[in-house]
1. Just name one of Ser312, Ser367, Tyr195: the one whose Cα is farthest towards the positive end of the charge dipole of the chain (beta-carbon charges, Lys/Arg +1, Asp/Glu -1).
2. At 7 Å along Cα-to-Cβ for each site, give me the label-to-label distance between Glu88 and Asn207 in nm.
3. Return P(r) of the range 180-253 (all Cα-Cα pairs; 5 Å bins starting at 0; whole %; ordered from short to long distances).
4. For the range 264-375, with only Lys/Arg (+1) and Asp/Glu (-1) charged at the beta-carbon, what is the dipole magnitude about the Cα centre, in debye rounded to 20?
5. How would the range 219-323 be classified by its alpha-carbon gyration tensor: rounded, prolate or oblate, with rounded meaning a/c under 1.5 and the a/b versus b/c comparison settling the rest?
6. In the range 80-173, if the dipole is taken from +1 on Lys/Arg beta carbons and -1 on Asp/Glu beta carbons about the Cα centre, which of Pro157, Ala140, Ile123 is farthest to the positive end?
7. Roughly speaking, what is the centre-to-centre gap between the range 230-284 and the range 336-354 when only Cα atoms are used, to the nearest Å?
8. Can you put Trp355, Trp286 in order of Cβ neighbours within 10 angstrom, beginning with the fewest?
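Read the figures in this text as sums done on the coordinates, not as results from a lab. Since this is a predicted model, take the numbers as computed values, not measurements. Heads up, the Cβs are rebuilt from the backbone with ideal geometry, glycines too, and the neighbour counts pull from every protein chain shown.
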Amino acid sequence: PHGCTYLKPLETQSELPSPHHHVKKEERHSNTRCETILDMIGNTPLVHLKNLSQDYGIKCNLYAKCEYLNAGGSVKDRIGLRMIEEAEKAGQIKPGDYIIEPTSGNTGIGLALTCAVKGYKCIIVMPEKMSKEKNDVLKALGATIIRTPTSAAFDAPNSHISEAQRIKERLNAENPGCAHILDQYTNPYNPIAHYDGTAEEIINQLNGKVDLIVSAAGTGGTICGIARKIKEKCPDCKVIGVDPVGSILALPDQMNEFSGPGFYEVEGIGYDFIPTVLDRFHVDAWFKSIDKESFKLSRQLIKREGILCGGSSGSSTYCAIEAIKKYGLKEGQNAVIILPDSIRNYMTKFLSDEWMVARGFMEAPISDKDPWWTN
Ligand SMILES: C=C(NCc1c(COP(=O)(O)O)cnc(C)c1O)C(=O)O
């Protein structure tokens, strides 16, 4: 039902751009007309990381799938829209209802954006750890935001998951059927959105030649949806999952043993339980990520490629470089990193030198006249 239309009339079938058509700058978006901003979810660009490849001596083609260029600023816009569309199709929700979701923020923004356009009331339940920037975007989109303790275990009564359930029950007690949790942790349309969308786009953008895909996991919807389609169309492609130290998503389980604090700063990835939508066996190999290297790589993507990405993008990029070296990807082979969200969510966090220095993620700049991008 959605779809941007390029206004330039195509005279004949032969003029239809092939799926591998490199859209020229003058064609892209300059004449796009959309019914709503929801049409600007999906079809994100795949960008060649030439400078970073040079910096790390990478011989294969290294690409970034820039999911931060979705309408709401993250990969989770895809599932926010798809979960609502499927619930509408199934007659489960109607405009005016409450859509409630436990989230680390980006799924919340994707849902709140869709709710704003379609006329739903949105209630987002988000752990305290998540940034003020996400909170402010959600507020601007008209969502009601409830914050929960970061340290609460997923099944504790004060976790974001339990709190969302309580709010839903209370609202339905007053007005039966008015409140719904679409639930990204169990909803099949979470991975399906990536099976149908993200994966197909990558395969088309690389003319069907994909040798490695690296994605950091939270619910696991992105990596599982992509893995299922890639294994069908590019069976030799390696699918690499990234899980932060302190989380338990990686396999084998021994990788998840650690002695340090369970807390990590990167937002959106890793959990203390295995989400239903995450089929860990679809992933060929898991790599563990740490905060310091994640933020270092995010800052390098910004500084060397002009790619204004978030912290988990650095987690995936760090592990992608490790994986490319481990598997010896050669010239002509294609590696893809999923970059889930943008710098917007972390302006007062990893983008701030003070914030980074205070947590030991970087040395204090030589002088305050030398902002981070000069050293
Ligand atoms: C689970 C949520 N986010 C997932 C996420 C991910 C992982 O995406 P998954 O498809 O959930 O595995 C990576 N990076 C960032 C910045 C994210 O926000 C959420 O926003 O509620």
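1. The Cα lying farthest towards the positive end belongs to Ser367.
2. For Glu88 paired with Asn207, the spin-label model returns 3.8 nm.
3. Binned Cα distances yield the sequence 3, 17, 24, 22, 17, 11, 5, 1, 0.
4. 260
5. oblate
6. Comparing the listed Cα positions along the dipole, Ala140 ranks first.
7. The range 230-284 and the range 336-354 have Cα centres separated by 20 Å.
8. Lowest to highest Cβ neighbour count: Trp355, Trp286.
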